[in-house]
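The values are calculated or read from the model by the stated rules, or taken from the named source; none is laboratory data. Keep in mind the model is a prediction, meaning the values are calculated, not measured. Cβ atoms come from the backbone with ideal geometry, glycine included; neighbour counts cover every protein chain shown. For the accessible areas, the whole protein counts, side chains as well, though only heavy atoms, and no ligand, DNA or RNA atoms are used. Shrake-Rupley method; radii C 1.70, N 1.55, O 1.52, S 1.80 Å.
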Amino acid sequence: MNKVVNFYKRNLKELLRDPIIYIFSLGFPIAMFLLFYIINKFSNGQTPTFEVLSLLPGIIVFSYSFVMLTLAIIVSKDRLTFFLKRLYSSPMKSYHFISGYFLVGLFIGLLQTMVCVITGLIISLISNVGFISIGNILLLIIAQLPILITNIFLGILFGTIFNDKSAPGICSVFISLAGILGGCWMPIETMGAFESFCRFLPFYPSVYIGRIITNSTNALGTQYIFDSVASLGLIPIFIFMIASIILTIFAFKKNMVSDK
């Protein structure tokens, strides 16, 4: 356990020295939240997707893709500088390394979630609209943990199998997918076959479940409820989460053996 904690502390220190955590992981979600709120305000509130309670889950899920990017950069840089290769000769096992990176990703993700919640609360107070209760905030955090875990392990995976030049590029594809296919700021429920396709990926169901918790209203004018979209959406969410964990463990162990 001490090995994991010490490795986590080292990773956290490296992370806090890098301005990317403040620009992309914290600043960008706030900027996106404010941008879509302003757009909705000047369009006389005609876009339900841009309402505070609807934006909150979307921005949270989208922001998690930057956790993936951050971890991919950290892991790939550790490989580039031979830092990991030197540690491979220590008594540390693969799960020590993976756990140390995972805890950093979890820290970033939870911090992002709180930043998004506080931003949403401030906007709701300014615009004089209702906000969710503390109980629903906690429920929202728990409900979004699977997609956060997926992004964490994908970040470790990409950092393990790609170099520091390729890993960010691969992550940028997933960042775009999270925003577009997640319906973070698009009324996917009105897009027919495209909406059906998005159900098979973890992004849209995660946002959908989040909007159920925040009591949001969709573009069709009806409230999000725990229907078949939400219940069946749990399947791809957990499939992608489990697959990302297994692939990361396999790739990291293989890379560790080859580097030794």
- Task: Name the residue farthest towards the positive end of the dipole of segment 84-237 from the options 228, 114, 152, assuming +1 on Cβ of Lys and Arg, -1 on Cβ of Asp and Glu, about the Cα centre.
- Result: 152
- Query: What per residue convex hull volume, in Å³, do the alpha-carbon atoms of the chain yield?
  - Reply: 125 Å³
- Query: Which ³J(HN,Hα) values, rounded to whole Hz and listed in residue order, are derived for segment 232-248 from phi using the Karplus coefficients 6.51, -1.76 and 1.60 in 6.51 cos²θ - 1.76 cosθ + 1.60 with θ = phi - 60°, glycine and proline given as x?
  - Reply: 6, x, 5, 5, x, 4, 7, 5, 5, 5, 5, 4, 5, 5, 4, 5, 5
- Item | Residue with peak Gaussian network fluctuation, the chain [Cα springs, cutoff 10 Å], from 11, 44, 218 | 44
- Note on the structure: Dividing the alpha-carbon radius of gyration of segment 74-222 by 2.2 N^0.38 Å, where N counts its residues, gives 1.27
- Message: Given the whole protein assembly as supplied and a 1.4 Å probe, what does the accessible area of residue 18 come to in Å², nearest 10?
- Response: 40 Å²
- Query: In Å, the Kirkwood hydrodynamic radius of segment 179-228 over pairs of distinct alpha carbons?
  - Reply: 10.8 Å
- Task: Give the Rg (one decimal place) followed by the Dmax (whole number) of segment 80-135, computed from C-alpha coordinates and expressed in Å.
- Result: 19.6, 58
- Message: Taking the Cα centroid of segment 61-95 and of segment 16-59, what is the distance between the two, rounded to the nearest whole Å?
- Response: 28 Å
- Query: Ignoring ligands and nucleic acids, what accessible area does residue 181 show with a 1.4 Å probe (Å², nearest 10)?
  - Reply: 20 Å²
- Message: Using the Karplus curve 6.51 cos²θ - 1.76 cosθ + 1.60 with θ = phi - 60°, what ³J(HN,Hα) values do you get for each residue of segment 150-167, in whole Hz, with x for Gly and Pro?
- Response: 4, 5, 4, 6, 5, x, 5, 4, 5, x, 7, 9, 10, 7, 5, 8, 7, 4
- Message: Kirkwood hydrodynamic radius, segment 149-233, all distinct C-alpha pairs: what's the number in Å?
- Response: 14.0 Å
- Where does helix 94-127 land angle-wise versus the long Cα axis of the chain, in degrees 0 to 90, nearest 10? 20 degrees
- Task: Assign unit charges at the C-beta atoms only (+1 for Lys and Arg, -1 for Asp and Glu), then state the dipole size of the chain relative to its Cα centre in Debye, rounded to the nearest 20.
- Result: 1160 debye
- Derived scalar couplings ³J(HN,Hα) [segment 136-144; Karplus, 6.51 cos²θ - 1.76 cosθ + 1.60; whole Hz; x for Gly, Pro]: 6, 5, 5, 5, 5, 4, 5, 5, 8
- Message: Between residue 133 and residue 250, what is 0.36 nm times their sequence separation minus the Cα-Cα distance? Round to one decimal in nm.
- Response: 38.0 nm
- Message: Considering all alpha-carbon pairs of segment 1-145, what whole percent are spaced by more than 19 angstrom?
- Response: 57 percent
- Probe 1.4 Å, heavy atoms of protein chains only: per residue, the accessible area of the chain in Å² is 46 Å²
- Task: Calculate what fraction, in whole %, of the accessible area of the chain sits on carbon and sulfur atoms when a 1.4 Å probe is rolled over the protein chains.
- Result: 72 percent
- Post the alpha-carbon centroid distance, segment 133-153 to segment 161-175, in whole angstrom. 24 Å
- Message: Helix-only estimate, please: 222 nm mean residue ellipticity of the chain, summing -39500 (n - 2.57) across DSSP H runs of length 4 or more and dividing by its residues, to the nearest 500.
- Response: -24500 deg cm²/dmol
- With unit charges on the beta carbon (Lys/Arg positive, Asp/Glu negative), name the residue among 32, 243, 63 whose Cα is farthest towards the positive pole of the charge dipole of the chain. 243
